[in-house]
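Working notes for the structure below.
The values are calculated or read from the model by the stated rules, or taken from the named source; none is laboratory data. All of these numbers come straight from a predicted model, not from anything done at the bench. Areas reflect the complete protein model, heavy atoms only, side chains present, ligands, DNA and RNA absent. Shrake-Rupley method; radii C 1.70, N 1.55, O 1.52, S 1.80 Å.
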Amino acid sequence: AGKIKIALTGNPNVGKTTLFNALTGSRQHVGNWPGVTVEKKSGSVSYKEYDIEVIDLPGTYSLTAYSMDEIVARDFIIEEKPDIVIQVVDASNLERNLYLTTQLMELGSKILIVLNMCDIAEERGDRIYIDKMQELLATPVIRTVASQKEGICDLLDKVIEQKEVQQHHGHEIGYGTEIEDRILEIEKVLAEDETRDTRYPLRWISIRLLEGDSNVREKISKSPVYDRVIQIIDSIDQEEYEAEIADKRYLAINTVFPQMCTRANGKLTKSD
Ligand code: GDP
Ligand code: K
Ligand code: MG
C-alpha cells in the first residue's frame, strides 16, 4: 500500500476541522506541537490501496510570523514536506481566502484547493467557475460541502492522482523589477552557505527577509553569510518593500478573482 501525507490548511472557520473529521472519522490523534502549546491533530484514512495521513494545521489568515499558529503551519509545510498541502477555502468568502493562497504558493509544495461551503455560495446564487479557477491559480480545485460529507471521495481521488504528478503547481507572484533584483541578490548570497537548511526555498526566505520577518532572520542567524544578507536588507526601505509586496499580492488576487466568480446580482463586491 502506498503512503501519502497531506496537510490541511486554511483561514479559521472555513470547515477545516469538519473536513478533517469527515476524512479520518475516529482514527485521530490529538497532541501538541513540540515545544509550543498549539494543538496538533493528525489522523489517517485508508482509501483504495493507499494509507493517507492527514494533519490538521492551525487555521491562519496568512503565513507571516505574527503568531505561533502561523509559524507552526509554515514550518510544518516546509520541514515535513507533506506530499500535498490542501488549502480549504470558504466558497462564500473566496476573495478573502486567496491571500493565504498567494503565500502557500511560495512554499514549494504541491497545492490542492478544496472549495468548501459551496452550499452557502450556491444558495446565495453565486457562481464559481471551477475550471477557470484551476486554470488561473494553476492548482486543482475540488468542490465540497464538508458538513454533508459531499465531495470527500472526489477529494481523495484527486489526492491520489496528484501524488503521482511531478510538476509543481501554483503561480508565483512577480514583485516587480526592483524587488525581484533584490530577491535574486539575497538568494545568491544565501546559496553560498553550503551548510544551509535546503528544505527552506531560497526565494521564500528572501521574500520573507524583505518583509521584515524576524523568525526567518533568526533561522539564518548562525549562517556564515548572515552579515552580508543583513547588509542588503539594511540598504533598503524595509517598510516600503513590505507594503509593495503585499500590494502585489492583492493586485494578483484582484486580477484573477473577477474572472473566476460572479455574484448573485451579477455584480462583484470586494468582500462581504
Ligand atoms: P475550521 O475553523 O476551519 O476548523 O472550521 P470548522 O470545521 O470548525 O467549521 C466551522 C463551521 O462551519 C461549523 O459550524 C461547521 O459545521 C460548518 N461547516 C463546515 N463545512 C461546511 C459546509 O461545507 N457548509 C456549511 N453550510 N457549513 C459548514
Ligand atoms: K472553529
Ligand atoms: Mg478547526
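Accessible area per residue for the chain is 47 Å², calculated with a 1.4 Å probe on protein heavy atoms, without ligands, DNA or RNA. Remark: C-alpha extents of the stretch 201-255 on the principal axes read 41, 23, 15 Å, sorted largest to smallest. From the phi angles alone, apply the Karplus equation (6.51, -1.76, 1.60; θ = phi - 60°) to the stretch 56-64 and give each ³J(HN,Hα) in whole Hz, x where the residue is Gly or Pro. Computed from phi, the couplings for the stretch 56-64 are 8, 6, x, x, 9, 7, 8, 10, 6 Hz. Taking the square roots of five times each eigenvalue of the Cα gyration tensor of the stretch 127-272, the equivalent ellipsoid has semi-axes of 36, 22, 13 Å, listed largest first. Calculated on the Cα set of the chain, radius of gyration then Dmax: 19.1, 58 Å. Straight-line cross-link partners of residue 163 among the lysines, defined as a Cα under 25 Å from its Cα and at least 8 positions apart when in the same chain: 3, 5, 16, 40, 41, 48, 81, 110, 132, 149. Roughly how many percent of the accessible protein surface of the chain is carbon and sulfur, given a 1.4 Å probe and a whole-percent answer? Exposed carbon and sulfur together represent 48 percent of the surface. For the stretch 1-112, the Cα gyration tensor yields ellipsoid semi-axes of 21, 16, 14 Å (square root of five times each eigenvalue, largest first, whole Å). Summed over qualifying helices (DSSP H, 4 residues or more, each -39500 (n - 2.57)) and divided by its residue number, the chain shows a 222 nm mean residue ellipticity of -13500 deg cm²/dmol. For the stretch 111-177, taking the reciprocal of the average inverse distance between every pair of different Cα atoms yields a Kirkwood hydrodynamic radius of 13.4 Å. Considering only 89, 45, 36, the mean-square fluctuation computed in a Gaussian network model of the chain, springs between alpha carbons under 10 angstrom, is largest for 36.
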